[in-house]
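Presented below is the structure to which this report refers.
Just so you know, all these numbers are worked out from the coordinates, no wet-lab data involved. Computed from a prediction, not measured in an experiment: that's the story for all the values here. With ideal geometry, Cβ positions are generated from the backbone for all residues, glycine too; neighbour counts draw on all protein chains shown.
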Amino acid sequence: MDTLITLTLVTDSEELAEAASSAAFKEIDRLHLLWDFFTDTSELSRLNKSSGLKPMKVSDDTINLIEKALLVSHKSKGAFDITTGPINELWDFHKMIVPSEAAVKEHLGLVNYRLIEIDKDKSTVFLKKKGMKIDLGGIAKGYAAARLTKIIIDSGIKSGIVAVGGDIRTFGMRPQNKLWRIGIKNPRLDENTSEIMAAVSLTDRSISTSGDYERFFIVGSRRYHHIIDPRTGYPSEKTISATVINDDSTTADALATAVFILGPEKGIELLNSFSSEGVIMDIAGKIHTTDGIKDKIEYIYR
Amino acid sequence: MLSIYGFSYAEKKFPAGTEVQIFVNNKLAYTLPLNVDRNIHVKGPIGTTIIEISRGLVRISDSPCNNKICIQHGWIRKGSVVCLPNRILVLIQSGSSGIDAVSG
């Protein structure tokens, strides 16, 4: 996975820490081989190539991941959709390419999570329309955080943090029986502001953030960033940053994208339907939160 | 006057860190205060790298690698300097104290 992975493991045994972290990094390699969008031989690429042809047998991980993705797609009415592969391919944030309206319109017909068919008994997935492509960029890091955490706990470590990029899983207590204190990145960093805008203390929960500052380019006064609204094919312009706290890392990751796309009002409704908490900075810079976390956020800069 | 302005601007733009972290082979080997001057000898896979902390700045002052890119990098007051051949990463942690991880 094309991201920085940081493991914080609390133990007095160096051996245990070493064994746990090497098992975790092995798992990352395994998931990368399964789901890399850009490697022809990944399970994901083979699944995408079989679109419109026939159901393909896939790993349990892929079934589990797609099921979780579909739940968020369904509840967000398509604001989160893993079938945006054909649209994502049109955008190039490195070369600063805005696709033509015609191309976006044409490929939008291939974006529809309802056309993913899962058969759990046969362990198969069928993408029903030829040319459909799943891109797991909005959810795979959350799943990886969950898997790594499980492996680390199974290795005998009782507390720590797994951070796969900005997708963070906390478990157990911090030394001195404290909660883990997790910062939310300040989305508009300049010389006068601090690196984080707020902090929350928690454990045994996951926290994920989607922001318009991760991959973007600016043309004129318009910021083109990588969080594409599956319903329009263009970057969503309601939000600057959306942070989600959930019991499950995979769901937290998908919800952060969905909430970003929906904006604060509908985003908070979605979070409530998942018993999830969130902190959202809207496009004007105003901060919105779910009720459950309102009094628990420490603002460092706003 | 101009140079004083330039210096204070740099100070503001790059909030000074408080801690120096040294990683060997992706593992944290040392965490040291930035305000205590010293030289640290760190063993990596190809030999010993010397890291110097002085006046709130950090540099790699000696390295067993061939290209010496790490030494040429010079002094840093924020961010990182690496020696890839000897698998060493030196990181200055910026001032968000008490934060265990950052989401975003």
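Structure notes:
- Binned Cα-Cα distance frequencies in the protein assembly as shown - 20 Å width, integer %: 24, 55, 20, 1
- Per the Debye formula on identical point scatterers at the alpha carbon atoms of segment A:235-302, with no solvent, log10 I(q)/I(0) at q = 0.26 Å⁻¹ is -1.17.
- Hull-based mean projected area of segment B:11-80, where the convex hull spans the alpha carbons, in square nanometres: 4.7
- Only Lys, Arg (+1) and Asp, Glu (-1) charged, at Cβ; segment A:178-242 dipole about Cα centre in debye: 160
- Segment A:11-22 - phi-based ³J(HN,Hα) in whole Hz, Karplus 6.51/-1.76/1.60, Gly and Pro as x: 6, 9, 10, 5, 4, 4, 4, 5, 5, 5, 6, 6
- Rounded to the nearest 20 debye, the dipole magnitude of segment A:157-299 is 220 debye, with +1 charges on Lys and Arg beta carbons, -1 on Asp and Glu beta carbons, and the Cα centre as origin.
- 14 Å beta-carbon shell around A:MET96, net charge (K/R +1, D/E -1): +3
- Qualifying chymotrypsin sites (Phe, Trp or Tyr not before Pro) for segment A:25-78 [loop in DSSP, other Cβ within 10 Å: at most 15]: A:PHE38
- Violating pairs (Cα-Cα greater than 29 angstrom) within the set A:LYS185/B:LYS43; A:LYS178/B:LYS43; A:LYS75/A:LYS178; A:LYS150/B:LYS68; A:LYS141/A:LYS178; A:LYS75/A:LYS120: A:LYS185/B:LYS43; A:LYS178/B:LYS43; A:LYS75/A:LYS178; A:LYS150/B:LYS68
- Relative contact order of segment A:209-302, pairs being alpha-carbon contacts under 8 Å that are 6 or more residues apart, as %: 24
- Put a plus charge on the Cβ of each Lys and Arg, a minus charge on the Cβ of each Asp and Glu, and nothing anywhere else: the dipole of segment A:228-302 about its Cα centre is then about 240 debye.
- Average beta-carbon neighbours from other chains, 10 Å sphere, peptide A:165-171: 2
- Phi to ³J(HN,Hα) by Karplus 6.51 cos²θ - 1.76 cosθ + 1.60 over segment A:100-108, Hz, x for Gly, Pro: 6, 4, 4, 5, 4, 4, 4, 6, 4
- Annotation note: GluC sites (Glu not before Pro) in segment A:73-110 located in DSSP loop regions with a Cβ neighbour count of at most 14 within 10 Å are A:GLU89.
- Taking θ as phi - 60° and the Karplus parameters 6.51, -1.76 and 1.60, the scalar couplings of segment A:226-240 work out to 8, 8, 8, 6, x, 8, 10, x, 10, x, 6, 10, 9, 9, 9 Hz in sequence order, x denoting glycine and proline.
- Listed peptides A:141-147, A:42-48, A:224-230 by packing density, highest first (mean Cβ within 10 Å): A:141-147, A:224-230, A:42-48
- When the alpha-carbon atoms of segment A:1-140 are used, the pair Rg, Dmax equals 17.6, 60 angstrom.
- Coordinate range of the alpha-carbon atoms in segment A:89-230 per principal axis, descending: 59, 55, 21 Å.
- Average beta-carbon neighbours from other chains, 10 Å sphere, peptide A:194-205: 2
- Its relative contact order, with pairs defined as Cα atoms under 8 Å and 6+ residues apart, puts segment A:1-82 at 14 percent.
- Charge tally in the Cβ shell below 13 Å around B:SER61, where Lys, Arg are +1 and Asp, Glu are -1, B:SER61 excluded: 0
- Length-normalised contact order of chain A in % [C-alpha pairs under 8 Å, at least 6 apart]: 19
- Alpha-carbon centroids, segment A:254-287 and segment B:62-104: separation in whole Å: 36
- In segment A:197-233, the trypsin sites (Lys or Arg not before Pro) that fall in loop regions by DSSP, at most 15 other Cβ within 10 Å: A:ARG215, A:ARG231
- Pairwise inverse Cα distances across segment A:105-188, averaged and inverted, put the Kirkwood hydrodynamic radius at 16.4 Å.
- Over segment A:137-182: Rg over Rh, Cα atoms, Kirkwood Rh: 1.00
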